[in-house]
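This report refers to the structure that appears directly beneath it.
The values are calculated or read from the model by the stated rules, or taken from the named source; none is laboratory data. In this text the structure is predicted, and so the values were computed from the model without any measurement. Here the Cβ positions follow ideal geometry from the backbone for every residue, glycine too, while neighbour counts run over all protein chains shown.
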Amino acid sequence: MSQDENQLKIAAAESAVTRVTDGLIVGLGSGSTAAFAVAAIGRRVREGLRIVGIPTSERTAAQARELGIPLSSLAEQPQVDITIDGADEVEEGNLNLIKGHGGALLREKIVASASKKLVIIVHGSKLVNHLGAHDPVPAEVIPFGWQVTARHLADLGAKPSLRRNPDGEPYHSDGGNFILDCTFESIASADTLARELDHVVGLVEHGLFIGLTSEVHVAESSGVRILNRP
């Protein structure tokens, strides 16, 4: 990862974190970009900000604890005021997303769906005209019979690939599931594909985030611009 890319991620994170104020329940996203937002929130907590965080992954929870951010759970705080997270792709115009390349898509979507406001932080290269332009759609699947689930996904036009660790063993999500990275030649309608994926047996959750985003903070060389949901 280049230093310039890191600086853009930091700029987007710092911009989004200005939305966090005293007394809020804050969803803490996962991944390399969201980590910068968690770090910025941790700094503000040390300066006196009073919030409660809901982490979307075990890695984020560990980072938040190290920074002294008070944490809770959706069992105790079922309504989240604002969640700040990254994305792999953002579709301009409607702000639909592909998420999950960091492996936390299930928990990320649960927290996003419980949030009054989902704020996404990206650098400009993540903006696309149509989802799937560069990145596959992650699908979190039950390990039992995952090959059958993969065949169902292939019937929808996907080319599913089992995500593996560097040692060659299957990657496991925090929930103990596998992830199939699904490449599509083209996605004419992300909304339609999301509905089709919702009915695939053995698929726990997919990385298409439809209609959940409130605003996107996009960091570019010229500065940070904010895209609002139409």
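Quick test for you: out of THR213, THR192, pick the one residue that is out of contact with any Ser or Thr (no Cβ under 8 Å at 6 or more places or on another chain), outside any loop (DSSP other than H, G, I, E, B) and either among the hydroxyl-bearing types (Ser, Thr, Tyr) or modelled with pLDDT under 95 (or both). Every option except THR192 fails the conditions. Within the stretch 70-93, the set of residues being surrounded by 17 or more Cβ atoms within 10 Å (Cβ to Cβ), under 30 Å from SER186 (Cβ atoms), out of contact with any Asp or Glu (no Cβ under 8 Å at 6 or more places or on another chain) and charged (D, E, K, R) comprises GLU91 only. Taking the stretch 191-224 as the search range and keeping residues that are closer than 22 Å to ILE121 by Cα and among the hydroxyl-bearing types (Ser, Thr, Tyr), which one is surrounded by the most Cβ atoms within 10 Å (Cβ to Cβ)? Result: THR213.
Taking the conditions (1) on the phi > 0 side of the Ramachandran plot; (2) touching a Leu at 6+ places or on another chain (Cβ under 8 Å); (3) not acidic (Asp, Glu) in turn, ILE84 satisfies each one other than (1).
Just wondering, is there one or more residues in the stretch 51-61 that are in the same structural domain as SER32 (by TED's automatic domain parsing), closer than 28 Å to HIS172 by Cα and basic (Lys, Arg)? There is at least one residue in the stretch 51-61 that is in the same structural domain as SER32 (by TED's automatic domain parsing), closer than 28 Å to HIS172 by Cα and basic (Lys, Arg).
On inspection, SER161 does not qualify as hydroxyl-bearing (Ser, Thr, Tyr), in a loop (DSSP other than H, G, I, E, B) and over 16 Å from the mean Cα position of the chain (by Cα).
Picking from residues in the stretch 145-169 that are surrounded by fewer than 18 Cβ atoms within 10 Å (Cβ to Cβ) and aliphatic (A, V, I, L, M), the one that is nearest to ALA35 (Cα to Cα) is LEU162. Contact annotation: no residue pair with Cβ atoms under 6 Å, 6 or more positions apart or on different chains, pairs a residue in the stretch 169-195 that is in the same structural domain as SER57 (by TED's automatic domain parsing) and free of Cβ contacts under 8 Å to residues at least 24 places away in the same chain with a partner that is crowded, with 19+ Cβ neighbours inside 10 Å and in a strand (DSSP E or B).
Does ILE142 count as modelled with pLDDT of 95 or more, at negative phi and surrounded by fewer than 23 Cβ atoms within 10 Å (Cβ to Cβ)? So ILE142 passes the test.
Filtered by the rule that a residue be of a type in the set (Asp, Glu), at pLDDT 95 or above and assigned to a helix (DSSP H, G or I), the stretch 1-53 gives a lone residue, GLU14.
When the criteria are applied in full, PRO160 fails the requirement of being under 27 Å from LEU95 (Cα atoms), modelled with pLDDT of 95 or more and in contact with a Ser or Thr (Cβ under 6 Å, 6 or more places away or on another chain).
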